[in-house]
Amino acid sequence: MNILVLPIPVTLMMGAIGLVAFFWTARTDQFSDPEGDARRILLTEDHPLPSSHRANREGVRRCGG
């Protein structure tokens with residue numbers, strides 16, 4: 001039973017840190033608008049890559065296949 005002297009306090013400390021982190025994020029309004037975040041991901045306009053990036057990606061595809 002002496003082997004549990006270290007893991008139990010470490011586990012309790014990690015749980016306490018997680019609980020404090022959760023309450024901190026809730027208090028600072030990190031979860032205030034999850035619906036808006038989901039819509040923002042889906043509705044943002046895509047910007048095309050510059051031509052140099054596009055050429056590099058096409059070159060990698062040709063070499064791989």
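Each reported figure results from applying straightforward, stated rules to the coordinates on display, with no laboratory input. Predicted model, so just to flag it, every value in this text is computed and none were measured. Positions of Cβ are backbone-derived with ideal geometry, glycine not excepted, and every protein chain shown enters the neighbour counts.
Placing pseudo-labels 7 Å out from each Cα toward the beta carbon at Ile41 and Thr28 gives an inter-label distance of 2.1 nm. What the phi angles of the stretch 27-41 give under the Karplus curve with 6.51, -1.76 and 1.60, with θ = phi - 60°, is a coupling list of 6, 8, 6, 6, 9, 6, 9, x, 5, x, 4, 5, 5, 4, 5 Hz, glycine and proline written as x. Remark on the stretch 1-44: Rg and Dmax equal 17.9, 56 Å (Cα only).
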